[in-house]
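Rule-based calculations on the coordinates, nothing more; no lab input. It should be emphasised that the depicted structure is a prediction, and the values quoted were computed from it without experimental measurement. Neighbour counts run over all protein chains shown; Cβ positions are idealised from the backbone, glycine included.
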Amino acid sequence: MEIKTEKIFIKNRKNQKVCVLVEKPEKSVGLAFVTHGRGGFKEQSYVRTIASSLLNNNYIIISFETTNSLGESESSFSDATLTNYYEDLEDVIDWSKSQTYYQEPFVLCGHSIGSMSIILYAEHYPQAIKALAPISTGVSGRLSYEAFPPETIAESSIGSSSRITKKLKWSHMEDLLKYDLLEGADKLVMPVLLAVGEFDKTHPLSNQEKLFKALPGSKELRIIKGAAHTFKKPEHLEEVYSLMDKWLKSLT
């Protein structure tokens, strides 16, 4: 299958550079956006796994790197917050509305804090969303605080060539504490796929179950056996692909 790929740099509401990757199959059935987790980037294996499942189901894909991440977008990792992830998502979607291929409703997929941002968007604009796939998602600032008290707020992530450790400012948690996705969960009437690693300590299964219970519409909760928060092993990535592929086919 031929895929047309274009990398674009746009400006967000703060006039910061945001790197956007657009991938278009020959024939498309819809549009989808893919967001990475904290400290992530568009080439990360789980991001590409999600994108591949969408492309193979003939969706036009827009994946992007938020500001304050590890990719080609602007600013510093230490300043990362859920608010900045959400605002960048909103700005990328607003930019896409000027493109000829834009269409609603569209699919939103994400990981970790990126998943929280897509849930927030779906709660604000439910009529625009065809389906929602928040993978390894956070649920509320309070639950995240309980998992990671002040002395442990740090993120370890895979860079392009080596393992790097970056520390977040405490303002990250102060920002996160403003959010509780359960409060708007009744608006998530579109099909929702939740997936979480069996050994996810960042956003554990017990938190996912709280969100799952609050969802009013068609919903699935899948556990990736043996996996942690970020999926890296081939067998875990294959399972994520299979879950996504089956779910996307069910939408049509």
Theoretical gain in end-to-end length, SER242 to PHE199 [0.36 nm per residue, Cα-Cα removed]: 13.5 nm
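Could you give the dipole magnitude of the chain about its Cα centre, charging the beta-carbon of Lys and Arg +1 and that of Asp and Glu -1, in debye to the nearest 20?
Numbers: 30 positive and 32 negative charges, 50 e Å.
Roughly 240 debye, rounded to the nearest 20.
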Length gained when the stretch SER206-LYS178 is fully extended (0.36 nm per residue, less Cα-Cα span): 8.0 nm
Reach of LYS213 by Cα under 18 Å, taken over lysines that are not fewer than 8 positions away in the same chain: LYS187
Cα centroid of region 227-242 to Cα centroid of region 118-140, whole Å: 21
Extension reserve of the ALA214-ARG142 stretch, reckoned as 0.36 nm per residue once the Cα distance is removed: 24.2 nm
Computed [θ] at 222 nm, deg cm²/dmol, the chain (DSSP H ≥ 4; -39,500 (n - 2.57); rounded to nearest 500): -9500 deg cm²/dmol
Contact order normalised by residue count of the chain, Cα under 8 Å, 6+ apart, percent: 18
